[in-house]
Each structure stands twice: as C-alpha cells, then as structure tokens.
Amino acid sequence: MKRRDFLKYLGIGAGGLGAGFVLGKASNPPGAKLIPYLIPPEDVIPGVANWYAGVCTQCNAGCGTIVRVMEGRAKKIEGNPLHPVSRGKLCARGQASLQALYNPDRIKGPMRRISKGGDFTGISWEEGLEILSGNLAKLDKDAPGLYMLTPPLRGHLNSLVNGFMAAFGSPDYFQYELFQHRNLIAANRLSASLSEIPYYDIENTKFLLSFGADFSSTWLSPVNMSYGYGRMRQGGQGKRGRLVSVEPRMSLTGANADEWVPARPGTEGILALSMAYEIVSQGYYRGADGGAWKSVLARYRPAEAAKITDVGEERIKRIAREFAETRPSLAIGGECVASYENGVSGLVAVNVLNHVAGNMGIKGGVVPNSEGFVEGARRPDLKTDRISTLLKSASEGRVKALIVYNTNPLFTAPKALDAGGSLSKIPFIVSLSSFMDSTTAAADLILPSHTSLEDWGDDFAEPAVGTPVYTMNQPAVSPVFDTKGAGDILLAAARGAGGRVADRLKWNTFEAYLRESWQGLYKRNRAMASSAPTFDEFWSRTLQNGGWWQEAEEPRKRAVYVSASGAGPHLPQSPSRFEGDEKEYPFYLVLYPHAGHFDGRGANLPWLQETPDPMTSVVWGGWIEINPKTAGGLGVKEGDMVTVDSPSGRVQLPVYLYPGIRPDTVAMPIGQGHTEYGRYAKGRGSNPLDMVPAKEDGISGEIALNSTRVKITTSDMSGEMVKMEGSTKELGREIVQTVSPEEFEKMPKDAV
Amino acid sequence: MNETGPIGIIKKLVSFAVVGAVAFFVGYRIQGRYFSGRTPAQPIEFSHRIHAGDNKIPCMYCHLYADKSRVAGVPNVKRCMGCHAVIKTQSPEIQKLAAYWEKKEPVPWVKVHNLPDHVYFPHKRHIKAGLECQQCHGDVASMKRITRVSSLTMGWCLSCHTKRNVKNGRDCWTCHI
Amino acid sequence: MEGILKRIAEKFRDYRVPGYYKKFDYRWTMVVDLDMCNGCGACVVACRAENNSATVGKEECRKGRALNWIRIERYVEGEYPDIKVKFIPIMCQNCSSAPCEIGCPVYATYHNQDGLNVQVYNRCVGTFTCATYCPYDVRRFNWFTYKWDKPLDEQLNPDLTVREMGVMEKCTFCIQRIRVAKDRAKDEKREIKDGEVKPACVQTCPTGALVFGDLNDPESSVSRMARNPRRYRLLEELNTDPSVIYLKRVMAEGPSEREG
C-alpha cells in the first residue's frame, strides 16, 4: 500500500470513528433530567390519571363534564356519565374546549392601554385592580353609569355579579350572546306560561317535526338531544321514530330527516299553523275549546298556506295527519325559525301545533321544567335588557364604565348596530375575558379571567330534563397563566372600593361565596337536604359527582295549556319581512351557527378549524352555500369567490354548491371573519353578520339574523376554499347501505 | 491497488466506504459502551450504598409508586427532608439538599435509566409479576453512585420476555404505541 | 443452500398469510349503527384529542395531508328538492385479512393476538405501501414533524407516542385504553368486562351509534348487534374481513314522498 493511500484510509477511518461517536452522542443525549416533586400533591400518583367533574361552557346547554388530569395537566375532557344532560357524551366543541385552556393566544396577564387608541402594556394584578377600583370610585353615587355585560349566566356567578351591581347601586346588568334563546323563552312564556325552557323529549317521541331546529350540531342542547335522537331511531322502546324537517336550508338535522320540507324562509310559523288547522278541523283535537281554536286558525287553511309557504297542500295535510295520529309526536322550533324578525310568533305557532296534537306535558312531547333559577340571580328582562339598549345608552354617553366578561358583541352583533362606535364613547371599559377578542381589544383595562377548567363555578341547566340539574364546576388544573377567576376579580374590586360595597360583598374568594350559597340551597331544598346528613358530606359528594340532581326516573308530569285566546294575538300574521327589494336582491339570506365555531367562540381552537364541517367538509375558512341551479344561472362554479351584498353590508366568500338549499335562498355559517381572537381565527374568512340589518324581534329583543335579502356578483378577489370531501357520490360502491322502512319493519326484532 | 481506470477507482471508493463505515460503527459503539453516561454525576452525591445497603431502607420506601404506576417515582424533596432535617445535617451533601429545600426547588437528578418516548414500560406490571428491582437495576445496595447495569435495548427486554414466556410479551404493541 | 432459501421463503409466506392466529385472545370489534349516526363529528375531535393527532393547517389540508384517524363521509343523492344525504364514520377497519399487512416490507404493520391491525411507528420507514394497498383510505402519513404551539403541547396524551416525520399512522381502536382495561383486569384477576373498553370515539358519540367490544364473547353487546339483520361490512367483496360492522341505515328508497 502506498503511503498516500494509507494516510487516506487513516483519515477516513478517523473521520468515521469521530462521526460515529458524535452521532451516538447526539442520538442519545445525556442529562435528561428526573425532576421530583418538592411537596407531592395529595391523591396524585404520577402516571395515573385523576378525573375532576365540571361543566362545559362552549355553549349554553350546560353539559356535565369530567376532565382527565395527569401530573397537573388536563389531557382530555369527556361527558360526565352521571350527568342527566350530557349522559357521558360530549360534542365536538366540548371535546375541543381543552384547547381554550392551553391556547397560545390567551391573555397571559393583566394589561392596560397606555393611551386612548394606543397599545396595551402588561401590568401587575395589584396595579390592575387599583385602576379598576379607582375608576369605580370616581362614579357618581346616585347615578353610577356602571354597566355590566356577561353571557347569560345561570349559576352563582350571576348572583354575585347581580349583587356587585346592586352594591354599586346600578341596575344595568346586561346579558348578551348571539344565540341565547330569548325567542324560545318569550314564546313559552306567552303561549304556555312556562317560565323555563321545557324539556323536548326527543328520546320517547315517535314523530319529530323540526322547524329549523338543528339539534344535531348546535341548537339548544345538542348532546342531550342527539342522545335522544339515537334512542328515538334505534335502541329505544317500540317503533322507530320518524323525523321530518322543515327548513329552507338543509341543516345537519335536516340531512338526517326522513323527509325534508324546504318551505319558503319566514313562513314556517304559518306552515305549522296550517297543520294545526288541519288537525283541529279533522277532529284530532280533544280539548273543549276546539271551536275557539278553529276560528283562530281559520286564517291558516292549508290551501292558502300552500301558496305562502311553497309547500303542497296535500303534503301539509298528510304531515299534519301523521303528526296527530302518531303518539306521541313532538314539534320543535329552532334557530332558523327563531332568527326571523317575527321569531317569537313562529315559535308560538310551533307550541300551538304541539298543543292541538296533544303533545304538551306528556312523555315524548313537551315536558315542563320547574323553576331552577338561583336566588339572587338576574334573568334578563326581555323588554329592557337588550344589547341594542346597551349600545344606545353607550352612544348617548350614559355609560361611564363597562365591565365585559366573556361575550363579544363587537363580533356577534350585526355590524349595522355599530357596536364599535357605541363602545368607543364609553370612557372606561374593563374586559375580564380570557381571549383577545374584538371587544376585549377595544377595552382600556384587561383583567384576564380563568377558563372554566381553572375556576370554580356552577350552572343550572336550562332546559333541564324535567327535573332540575345543578352542575358544579371545580378547578381541574392550576392556572396556566397569570389569571384570576371572574368572581374573584369582582370580589377584589369590591374590597378595593371599600365602604358599603365591600360590606355587602364580604367574601374573600368566589369559592367561599359558592360554598356559602350552596349551603343556603342545601337548607332550602328538602330533596337536597335528605340526600346527605350534613352539608359537608353533601358538598364533597356534589364535587365528586359534578353536581346534584334527583334520581327520578320519570320526569314530573304537569299540565301545560295553550289557550286560543292567549296564543291567538301572538300568531304570525304574515311571512317574516326581509329587507331589500326582491328584484335588486333576489336571494333570501339564511345564517346559521357553524357546527364547530358556534357564534364564533370556537374559531380560535385549531382542532375545530381542522374538523370538517359535517355538511360541506370545508376546513379553515368560510363559504356561501348556493343551489347548483342558481349557481349555473349566476355563472359561478364551486370555489369561485363571490361578492354578496345586502342593503346593510357586503362580504366576499367562496362558493360551495349545495343541493340542499332552495334556489331562491343562500346560506352562510357564522363563526369566521374575526379581526382579532388569536392566530388561528384572525383574518380568516368573512363575518356574514356584516350584512345583517339592525333588526330584532319586537317581543324578545333577539337579533333577527334572517331578515335580509342579498344579491350575488362574481368577484375577482382571490381566496381558497379547502374541503376534505372527495366525491359526494357513492359511484355504485354501496358504501352506506340502506334498508327501506317497510323492509325494516319486517326484520326480526328478537335477533337483536 | 495499483490498478488504474474506472474499475480501480470504484474499487478504491468501495474500500474507502467500507473502512469509513466500519470506523463509524466502531466509534458509535465505543461511545455507547464507554462514554454514554451510565454513571452520571448527580447534583447531590446521593449514595444508595448508605441508604439501601447500610441502613437497609426498602426500595419502595422512597420509590413510592413502583407497584402502582408505570413510573417508580423519585422521592419528593419533602420526603428526603423528613429524615435529613435531623440526620447528618452537617454533611456537605445534606447541606446541598437543604439548600434546594430552602430555595423551594426540586433536585434536578440526572436520569440514568432513560427510555425513548416510543417505549411504554410500566414498573407496576413488572413488580406485580414478581420481579425484584435488582433484576434490572443491579445490586443498587452496593452502589455508591448509581450506575446502569442493563443495556435497556429491545433485545435485552425481549430475551427476558421470551425466557419467562410472558403472555403477548413479544407483541410490538405491548411496548410500542 | 437451496433448502435453506426454500425454508426462509416458506416462513416468509407463512407470516404473510393473514390470520396467523388460530384464535384471538380478544376479538375487538366496533359496531356502527348508521341509523343512529347523525354525522355530528364529535368522534372526530375526540379521536384527535385522545391520540395526539397533529393539526396540520389549511395548506396541508388542501394537499390532503390532514391527520384524522376517523372521518365522516357524506354522500348526497338526488337533486333539489329530493335530496338524500347519508353519513358514515370510517376509521381503520382492522381487517383480519388486511391488504396493508401483506404490503409492508419491514413488518411495521401486522395482525396481533387481539385481532388488531398493529402499526409500529418505530419500525415504520415510510414506504407508503400500506396506504396504497388500503381500500378504505384510513392510513395517514406524517409528511413533517408537526409542532404544537406552546402550551398546546401540555394537552398531549402521555399514554402514546407523538409521531414524527416519515411515519405512517392510523386508528388503533385506542389501544392505550385497551391496555388500561387489561391492566385493571389483571390486577383484579379477571377478564375484561363488556363495555369496559371504550375508544375515544365510542365514549363520546352523543347518539350512541358506536359500540365497541369483544366479538369472542357471544353475550357481548357487539356480538348481539353483529347478529342484527341490518349488518354489513364495508366493501365486503374485497374479502378483507373487517372488524368494523355497520348496521344499515333505514331510509326510504328513491325520492322522498314529496307530494301527497
């Protein structure tokens, strides 16, 4: 071997040796640390999960949850199997609420605005609370002008907030959320004297008639109602229940229906009443006041209603007869009906239909709930406590200070209401929200609160399940960031204010307040008191079970009566109005809450952004649904960007060709189009609320989402719609196999 | 070796590659065998010989969770201080411990037995199967500074699983998920 | 020499023939009642939360690289107003005669004694063969090592691996939950009870359309449901012998009774 070659080999050998050594070292890095506890927490075994019960806050259903915690970190959230509302189940939004806790875009500590219109700067809690107390102290003792805005709270946080406002001598506590069922509450009060939203017993019904109620994804209590739906179809008692859905745009529930009835938007109430007329006139109604009903309903004969609603006369009669003959049957009226300008009257019509068919107060029908509201809490007065009232007061300069907590009117109120302009007139806005949403971004002081997984709280589910459901929420993990509980912030502010206010809110922590309030509940409620000998035992059992509810198997029966004279004046006189001339704006606009983002609050959770929409499979963005025939007429194809104009505003969105929508209607989900709200939500899609006029239901004050017509023009703006679906056709592969109902009836049932 | 032309160049390149690869392998193994930190220095010169050997403290007095969880558990600092608040408080090593306790900081022990993330190893099942701690951890009672005596390679795991005829002991999903 | 080669080839073939277990210890099976499923998507998010599935973002979704182990397919028939929509949740069918197992060159996917189709991440070299062979399109490939924006990573489930670039992954029937149940059963010296193991999707399904259990036990709920006359399996003509049993949806054929 040549010396030169030898050296080469030597070099390569040494290099290889070194490289091997280095790679070995790198692939097996030393010094992984083994960090023990300083003082071990009680009942914690590393590597073994603990579960803590709580309540989900992603919507207003009030599902009981359990949180899986390992080594102090929340790993998974599931339905509480003991809880009568969630029954151990949870929807997509509930599952994703863990990402709210660990969201990288949470507000990490108190902040204040340096100057009006300027940036935020981080401050300490002492400083933040001092600013708050200082501003509250400046308020006039007699007319403080202190306003409070929260979502519709039902637990003891509500009574604390109410007590806080009372201590300051201010009556102006507002509760606002886009979908807060004000119409449903109003309709049930007016027509059936029900102070609580009743329990719609889908589980035991045999014929479910849904008027735009998308309980499969968002309406009222999706988990509980989906559970009922499953049992109605299979696994329940007796015959398989039938589902008929009336709505201009096929929702997820409509997609599961045996029959879809695309009535003209705004006429669903009239359709319900024409069915009620058919039931009464055919002699199905058993009440003594049949004559009174017949005269009240005479205006809604199927023949005339057919012209108004665009549903065939025979079809109306057939469904009505089936509804009356199938026992028990149930009609529900949901978001779509409730979102018209005459939403309350539409829902009253649904109640009338239930009444004449004999579904009120029976198993498998409308089951009343008893009053389960917390003492000292405030229920919104439908007449006065409206977001429009609050914004009007603000724009007139009567609001001196506003405390806003976890509700985002700058996003969820129609742009036409000009919430931004009104709020800018308020000299001092404090936000207690956990996220930098549009409203919080307009605040002067941010005192970020815990998410529900870090905080104490409770909730009184509405609708309950025929018996009251009191849910308890305890902290599952210690705070991730430098935040405090909303209740604790208010108590600290009251302490800072001193004097009368501090005297009336003497509790040191919200936990203490909660415990004391529950002690009062325990003393007053005989069933609670008999469930445990001492309060301490009751309390620990309540924390362990995640709340308190009666073990009653059968919901309490109570007569519910809808009278012709009572409901008559509230029935829809004509189809709901839509703004815009039919010639200029040819399409009805129907808005609905996105299955994942709901009223927009889920848009900052990446799991929900990446979960395909059940009907369109679109991810990470918004869209507009247009019937393929209509699209052909407009010359647009799937994925094209279009400009949508209403008399009140404009948005631009990509087109999704949706066969399940009336050709004279277009639909859009609400939820995207945030201008703030963190990296996952900000600047994604458009907010269709920009096109909604400033209209509300006269009786309830609910915002009328579906009250405008739109026109569509092609847009040269670029944008991309990403959908996960491949083909929407099975192409003969028989992937989803079916049997006909007749065939199913013949199948042997005992084999199962 | 004196050939020229393309064949010669290829031969040469191949032999370079072989030499390089062999050297690489040898280097990798040398690192693994002698320099991989089987006996790392710890922040406190804790002696198992004194605790488990001389004083015969049972393993699970400190490693609390070995029969309850997948992890055996390192003793929390409070447990150390439970004894050392009074025992041998003058020793410089105990003073180090006391300093951590004063600062309310946990002791940053260096891991000796470190498995990759894709390996699931439950202590509990092995203890319940009747294994002695020493079977894998060696005669800890005689170790002044803890050292890793087992290779913790997959072959090492499997040889025992095979020998003891563990039910499903050779199924991949028993340890890897 | 030839003899040895022949023996190796035979062994090789033996291993490649699916069904190399005469009898499974358990035969984990999922039953999906399509008449109860309403397509809400709770299972999709529950799976994501349980199984450390990465979020890939809009651009990667467009390229078809989303890492969901369960999806809900929706099929639309007919034209307005006679629309029929059908939903079906599809996850790994854990075929007892799985095409993917035949394909993998490194044995990273095989069948185990519980009737599960195993995917071993640390053995996978990312040849994509299994995904190509799979008729159900349920295997997902990690094109990158995806990151969790801090502190979202605090949520990661410590019971299973976070996958890295170049690895194929798929539904495991939540093997980590089966393992917890086995662990508990072993402690109490008994077999796993019916309904004790619930994969994340089954656990959360609001309508109760998904049921999970052991088909070896004739009294288990899945065994009872498997005897339902509505039963069928997905693309059964391919003879993959899936462990997921679907129950047909009850639905009127042809256009709905629109008029009259």
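Using 0.36 nm per residue and subtracting the Cα-Cα separation, the extra length available between A:N50 and A:K682 on full extension is 224.0 nm. Relative to the longest principal axis of the Cα atoms of chain B, helix B:5-34 runs at roughly 10 degrees.
GNM remark for chain B: springs join alpha carbons under 10 Å apart, and the peak mean-square fluctuation among B:C160, B:C80, B:C136 falls on B:C160. Summarising the label geometry, the points placed 7 Å from Cα in the beta-carbon direction at A:R577 and B:I7 lie 10.0 nm from one another.
Neighbours of A:V562, meaning other residues whose beta-carbon lies under 13 angstrom from its beta-carbon, give a summed charge of 0 when Lys and Arg score +1 and Asp and Glu score -1. Amide H contacts under 5 Å for A:T708: A:E579, A:L589, restricted to partners 5 or more places along the chain or on a different chain, H placed in the peptide plane at 1.01 Å from N. With a ≥ b ≥ c taken as the square roots of the eigenvalues of the C-alpha gyration tensor of the stretch A:613-722, please select rounded if a/c is under 1.5 and otherwise prolate if a/b is larger than b/c or oblate if it is not? Cα axes put the stretch A:613-722 in the oblate bin. A simple spin-label model places the labels of A:D503 and B:S142 7.9 nm from each other, with each point 7 Å out along Cα-to-Cβ. The GNM of chain B, with springs linking C-alpha atoms under 10 angstrom apart, assigns the highest mean-square fluctuation among B:I30, B:I94, B:I44 to B:I30.
Taken along the Cα-to-beta-carbon direction at a fixed 7 Å, the label points for C:K150 and A:Q282 span 6.7 nm.
Rounded to the nearest 20, the Cβ-based charge dipole of the stretch C:125-229 about its Cα centre (Lys and Arg +1, Asp and Glu -1) stands at 120 debye. Is the stretch A:564-626 rounded, prolate or oblate when judged by the Cα gyration tensor, a ≥ b ≥ c being the square roots of its eigenvalues, rounded requiring a/c under 1.5 and prolate requiring a/b larger than b/c? The shape class here is oblate.
Placing unit charges on each Cβ (+1 for Lys and Arg, -1 for Asp and Glu) gives the protein assembly as shown a dipole about its Cα centre, and among B:A141, A:P152, A:A401 the Cα reaching farthest toward its positive end belongs to B:A141. Think of each Lys and Arg Cβ as +1 and each Asp and Glu Cβ as -1; about the Cα centre, that makes the dipole of chain C roughly 540 debye.
Report note on the peptides A:501-513, A:622-634, A:184-196: ranked by the mean count of other C-beta atoms within 10 Å, highest first, their order is A:184-196, A:622-634, A:501-513. Electrostatic tally near A:L653: other residues with Cβ closer than 13 Å to its Cβ, Lys and Arg +1, Asp and Glu -1, net -4. Between A:S424 and A:K363, the FRET efficiency estimated from the beta carbon spacing at R0 = 60 angstrom works out to 0.70.
Placing +1 on each Lys and Arg Cβ and -1 on each Asp and Glu Cβ, with no other charges, gives the protein assembly as shown a dipole about its Cα centre of roughly 4180 debye. Please label the shape of the stretch C:20-247 as rounded, prolate or oblate, based on the square roots a ≥ b ≥ c of the eigenvalues of the alpha-carbon gyration tensor (a/c under 1.5 means rounded; beyond that, a/b larger than b/c means prolate, else oblate). Taking the square roots of the gyration eigenvalues as a ≥ b ≥ c, the stretch C:20-247 is rounded.
Bear in mind these aren't lab numbers, they're just calculated from the coordinates by the rules spelled out. A quick note: this is a predicted structure, and the numbers were derived from the prediction, not measured. Because the Cβ atoms are built from the backbone with ideal geometry, glycine has one as well, and the counts that use them run over all protein chains shown.
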